[in-house]
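The block underneath contains the structure these notes are about, expressed in structure tokens.
The values are calculated or read from the model by the stated rules, or taken from the named source; none is laboratory data. Worth saying up front: this structure is predicted, and the values here are computed from it rather than measured. Note that we place each Cβ from the backbone using ideal geometry, even for glycine, and neighbour counts take in every protein chain shown. Ligands, DNA and RNA are excluded from the accessible area calculation, which covers all protein heavy atoms including side chains. Shrake-Rupley method; radii C 1.70, N 1.55, O 1.52, S 1.80 Å.
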Amino acid sequence: MSERRVFSIVAASIVLLAAGVPAATTHAATAAKTAPATTEQRTGTAAAADKDGDVSADATRDAVEDLEQRIEDLERRLNEPERHAALDRLLFQGDFRFEAHTIQAKIPDHFDGMVLQNLIVKTLFYFQQVGAPPESIADLDAQIESHYADWLLFTSKLTFGQLKEAMAGFDPALQQQLFAMYLPAAFVPGANADNDILYTNRLRLRIRARVGDNVTFDGRLSMYKVWGDSTGVRVFNGQPTTINIDGTTANVPNSDILRVERAYFSWNDIGGLPVYLSIGRRPSTGGVPLNFRHDEPRGGTPAGSVIDFQFDGLTFGWHINDFSTLRLCYGVGYESGFGNGQVLKNPADRLDDVQLLGINWDVWDTDDMFVQLTVAKAFDVTDGFNGLVVLPADPVTGQAIPAPVILRYTPSAHLGDLDLASVVFQRSDGPVDWFVSANYVESSPNGVTTPFGGLFSDPFEAPQDRSGSMFYGGVRLRFNDDRTKIGVEYNHGSRYWFNFAAAEDEIIAPKTQTRGDVWEVYLTHRIENRFLVKLDYIDYSYDYSGSGWLLGTPKDLETQPVLGFPTYDSARKFALSLMARW
Amino acid sequence: MSTGKAIAVRALALAAAALLAAGGLGTALAASGTKAQVELWKASCRVCHQPKGSAKPLSPSSLIGMQWQRFFAKQFARTHARLTHPEKKRALGEILTPEIRKQLEKFLVDHAADSEQPMTCGR
């Protein structure tokens, strides 16, 4: 209101100052025809008004109308600078979120795969030295102690290929006998893995710019950390999010480093056609329907249930009409020719890039109904992507690595192709938002395995074609003039389910990657329009091991499986979040 | 069936499912609030406020929410009510009843330049 008063005062001043000067604008010119334009005329009219009250009232009314017209004109002219001033600030939007979590998790009874592998390597060494199998684990240790230099030489030269060959040559009866001897030593009883309190801070700064009539830029810088740590690298514990890769740097707690999570331009209406080209670090996280649980608008282009992963690439899109967009998307998951020492290898041993190609179709996109179809293929998938990690054990020998050394992990082999498909259907009916999603994955392995396994197979197995699926549904009720929302979501993933969702926003693990069941109940409330509080409860019940991994055979967790690294069989979390958006 | 063909078949099946889902809810779609609002915006405002139209091109994000509210509360009556709709040949003040203006205002405020907006490419 104070702005309007200022406008009025300014406008009135201009009218007085401009008296006698021809009006500059059309409105002013029009007004001049109906209102006194000069001081003399005003004085004359006023004099007339002194004699005749009606004339005076008309003149006053005319003057007021004239003033209103001029104020109107000024306001219209001020719209642009006012908006510009507002957007100068809004071009640098952002949000900050604080979260407090209480986590209760359980690790099931299992056998430590790294311990077993270590015993097998020791057995190979023992065989070479003694020419017969050991009668006990003590025999192995005694042999190593007495020939420690030979042991060091043996392990330093041992390759995964040799180990695989030796394993294949083991007599099955002897294998069974040795496993019976080794398994008790590798048994790990079930245990809790609780974290009473875990705090996180997340800062996201969005930058938008209108580059030209048809070109826009959008970017986001993000910092996400837990309280009390800024090392940026984690000790690997079997969870896929404990290795830093390109796809998760900004969406898994890392450090106080502000990273470029997104940066891309969109060249719209190319050649006057309803098509666009967008290149850069993609808006590929937080897509529908993962945004509902955060009371956020759609956070990314692809369906969040199948792709929630940062990557670099491009999109060519076609706006079929106002409500439907078809996109062809391309991305690179692993660049082989940069930073991986390719020139140090024989040409035959060098890897190819990992390329991602997809079709993403917003079949119907309005605020109250959204249907999206995604089909994607990952070509020549490697045994992981480049990353930084602290490995607790050597994956070939199973020997514990004595110091928390940061390693740059580089993939070692191509394992095959992955195909993914997804359909998401979402609607808002009155105060209810709801969605359902069906998702599918299929592997086409090339028969290769590495120390971490093959596509859905263990290191010493022959990979098979596998397929998996995941269903996801949710309902959210809006009330209190849409300020308060309460929702419940459920998803179930099958044994061989896998998606590219390692960057999904969940502190325990990406829930849509779960091979099992996940329930989530949440309540969000807007204390102010852009200041939110959220209460969240999430409950994971895992059926199989290796959720989130494309490597390794998923094991039934009720059968005391052999696990390379421990995994949860259940986990639940209570969380309180406060988020300021500006 | 080769893997490629199998994937193509599944993709088509999913596409068909998506289309059926969309088509099957045609009735609901017809009553879809936001589609109606978009159509209303196009028929009422964009008909003139477009690149080759008789008035300055506008989109919902041309103004911030407060400016749209001010337009409907203060400016519409004086600046637009007496204008003639180019197709319907009637005054906008007659065509855009208070109820319709309320719907338009909600749509425009919800999608104004300072509203929370999706972060996707191509828009």
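Worth pointing out:
- Any chance A:Gly387 is away from chain B (no Cβ under 12 Å) and either more than 30 Å from A:Gly169 (Cβ to Cβ) or crowded, with 16+ Cβ neighbours inside 10 Å (or both): yes
- Among all residues of region B:77-95, there is at least one that is assigned to a helix (DSSP H, G or I) and closer than 24 Å to A:Leu87 by Cβ.
- Count of region B:14-57 residues which are at pLDDT 50 or above, open to solvent by 40 Å² or more (accessible area, probe 1.4 Å) and in a loop (DSSP other than H, G, I, E, B): 6
- Residues being part of a helix (DSSP H, G or I) and of a type in the set (A, V, I, L, M, F, W, C) - total across region A:168-195: 10
- When B:Met119 is tested against (1) outside any helix (DSSP H, G or I); (2) more than 14 Å from every other protein chain (Cβ to nearest Cβ), exactly one condition is not met: (2).
- Residue within region A:266-283 that is touching a Ser or Thr at 6+ places or on another chain (Cβ under 6 Å) and among the β-branched types (Val, Ile, Thr) present: no
- Inter-residue pairs, beta-carbon under 7 Å, first facing chain A (nearest Cβ under 9 Å) and in region B:35-50, second assigned to a helix (DSSP H, G or I), 6+ apart: B:Lys35/B:Leu29; B:Gln37/B:Gln103; B:Gln37/B:Phe107
Condition check ((1) crowded, with 16+ Cβ neighbours inside 10 Å; (2) free of Cβ contacts under 8 Å to residues at least 40 places away in the same chain; (3) more than 11 Å from chain B (Cβ to nearest Cβ); (4) assigned to a loop (DSSP other than H, G, I, E, B)) across all residues:
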{"residue": "A:Glu261", "(1), (2), (3), (4)": "yes, no, no, no"}
{"residue": "A:Pro283", "(1), (2), (3), (4)": "yes, no, no, yes"}
{"residue": "A:Arg293", "(1), (2), (3), (4)": "yes, no, yes, no"}
{"residue": "A:Gly313", "(1), (2), (3), (4)": "yes, no, no, no"}
{"residue": "A:His319", "(1), (2), (3), (4)": "yes, no, no, no"}
{"residue": "A:Arg327", "(1), (2), (3), (4)": "yes, yes, no, no"}
{"residue": "A:Gly358", "(1), (2), (3), (4)": "yes, no, no, no"}
{"residue": "A:Val363", "(1), (2), (3), (4)": "yes, yes, no, no"}
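- Unmet requirement for A:Phe471, which otherwise passes all of (1) open to solvent by less than 70 Å² (accessible area, probe 1.4 Å); (2) free of Cβ contacts under 8 Å to residues at least 40 places away in the same chain: (1)
- Candidates are the residues of region B:96-114 that are surrounded by 16 or more Cβ atoms within 10 Å (Cβ to Cβ) and not in a helix (DSSP H, G or I); the one that is farthest from the other protein chains (Cβ to nearest Cβ) is B:Leu96.
- Among the residues of region A:128-153, the ones that are closer than 18 Å to A:Ala180 by Cα and surrounded by 15 or more Cβ atoms within 10 Å (Cβ to Cβ) come to 5 in all.
- Flag if A:Leu205 is more than 14 Å from chain B (Cβ to nearest Cβ), under 26 Å from A:Asn251 (Cα atoms) and assigned to a strand (DSSP E or B): no
- Here is the figure for region A:448-468: residues that are under 20 Å from A:Ala501 (Cβ atoms), open to solvent by less than 40 Å² (accessible area, probe 1.4 Å) and either of a type in the set (A, V, I, L, M) or modelled with pLDDT of 95 or more (or both) total 3.
- Some residue of region A:265-275 being open to solvent by less than 30 Å² (accessible area, probe 1.4 Å), closer than 22 Å to A:Ala501 by Cβ and part of a strand (DSSP E or B): no
- Filter result for the condition that a residue is in a loop (DSSP other than H, G, I, E, B), within 13 Å of chain B (Cβ to nearest Cβ) and either crowded, with 23+ Cβ neighbours inside 10 Å or of a type outside the set (Ser, Thr, Tyr) (or both), over A:Ala378, A:Ala303: A:Ala303
- Considering region B:58-76, the residues that are small (Gly, Ala, Ser) and either modelled with pLDDT of 90 or more or outside any helix (DSSP H, G or I) (or both) include one that is most open to solvent (accessible area, probe 1.4 Å), namely B:Ala73.
- Listed by position, the strands (runs of 3 or more DSSP E) inside region A:389-482 whose residues that are within 30 Å of A:Arg526 (Cα to Cα) number at least 2 are A:414-429, A:432-445, A:467-479.
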